[in-house]
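To keep things clear, I will list the structure first and then write my remarks on it.
The values are calculated or read from the model by the stated rules, or taken from the named source; none is laboratory data. Fair warning: this is a prediction, and the values are worked out from it, not measured in the lab. We place every Cβ from the backbone using ideal geometry, glycine too, and count neighbours over all the protein chains shown.
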Amino acid sequence: MRLYLTLGHVCYRMEHPKAQNREERVTKPRFFHYPPSFRVEYRRDPEHECLGGTWAGSAPMQRSTILVVEDEPAIAESVAYSLRREGFEVRVAASLEAAIALEPEATLILLDLMLPDGSGFDLIAQLRAQGSQKPIIVLSSRDSEADRVASLETGADDYVTKPFSPREVVARVRAVLRRAEAHAHERPAPASVLIVEPESRRAFHQDKELELTRVEFDLLSQLLQTPGRVFGRAELIDRVWGDGFAITDRTIDSHIKSLRRKVADAGGAPRLIQTVRGVGYRISDGRKGAPEP
């Protein structure tokens, strides 16, 4: 029996070696209730079309590894079973020490707060202090608002209280992984070398302070709100000057030219502040753009 499965807009063909002369197209939830004897062939069957996706070709599907940190064996096994059935690799740790040893292998961590040799808060704080952005979902019987807020503020990405449904945990794992993947694929903006401090009204290119006028600072602050977004001249005039001022396009072009010069004098690239002809200006998000009006 051949099965045609779509995973995240990618199609795979599955075959059951004991079934013949029968074809069936299935969705993901049904597939994982079939026996383990199914295997995945990462190639296109030319006689059939993919259902709403693209074919995977010959590359194997990458599987995420979930680290379950839980000292209650029944809960750990229940969660691990549900995750494995959904195609995840799973590691289980019953202590903080074991979790620290297994953490490098994990794509995401499911973390109990109350462990025999320490607190889950310690692991969250340690990873975030090291600069790790690895997703963490807390699984805890501590259901107070204070614990939930403390976990999220320490660096957890989600919080699930016990008792919970393993299916809900799997759904939350998928949701957090989707967010993490989307974040990982975001294009880093070169504008990150430009920093404004609204409270002190100071601006920096990397570590060098820019000597800006009030208008130049306000223009830069507006542009930095959304790197890559085009701000029209009329919009910038309204946000920086407000009503009651007779500001022309030539005036704002002059301020932008001065701002560009000061950024360049501090070592900035000419394309950091880009012109969109006939529209306005934007801070570079890494794509090409015209540097001059």
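Filtering the stretch 89-141 to residues that are within 15 Å of residue 180 (Cβ to Cβ), loosely packed, with under 14 Cβ neighbours inside 10 Å and in contact with a strand residue (DSSP E or B) (Cβ under 8 Å, 6 or more places away or on another chain) leaves nothing. Scanning the stretch 162-196 for residues that are at pLDDT below 60, surrounded by 12 or more Cβ atoms within 10 Å (Cβ to Cβ) and part of a loop (DSSP other than H, G, I, E, B) turns up just one, 189. Listed by first and then second residue, the pairs with beta-carbon distance under 6 Å, at least 6 apart or on different chains, first residue in the stretch 64-83 and in contact (Cβ under 8 Å) with a residue 12 or more places away in the chain, second part of a loop (DSSP other than H, G, I, E, B) and hydrophobic (A, V, I, L, M, F, W, C), are 64/88; 65/106; 66/88; 67/106; 71/94. Screening 260, 287, 271, 250 for residues that are loosely packed, with under 13 Cβ neighbours inside 10 Å and either part of a helix (DSSP H, G or I) or modelled with pLDDT of 90 or more (or both) leaves exactly one candidate, 250. In this structure, residue 216 does not qualify as surrounded by fewer than 12 Cβ atoms within 10 Å (Cβ to Cβ), acidic (Asp, Glu), in a helix (DSSP H, G or I) and out of contact with any strand residue (DSSP E or B) (no Cβ under 7 Å at 6 or more places or on another chain). In the stretch 111-161, the qualifying residues are those that are of a type in the set (Asp, Glu) and assigned to a loop (DSSP other than H, G, I, E, B), and the one that is farthest from the chain's Cα centre (by Cα) is 117. Cβ-Cβ under 6 Å, sequence separation 6+ or interchain: first residue in the stretch 257-271 and touching a residue at least 60 places away in the same chain (Cβ under 8 Å) and among the aliphatic types (A, V, I, L, M), partner assigned to a helix (DSSP H, G or I) and surrounded by 15 or more Cβ atoms within 10 Å (Cβ to Cβ). Which pairs? As it stands, the answer is 263/272, since those pairs meet every condition given.
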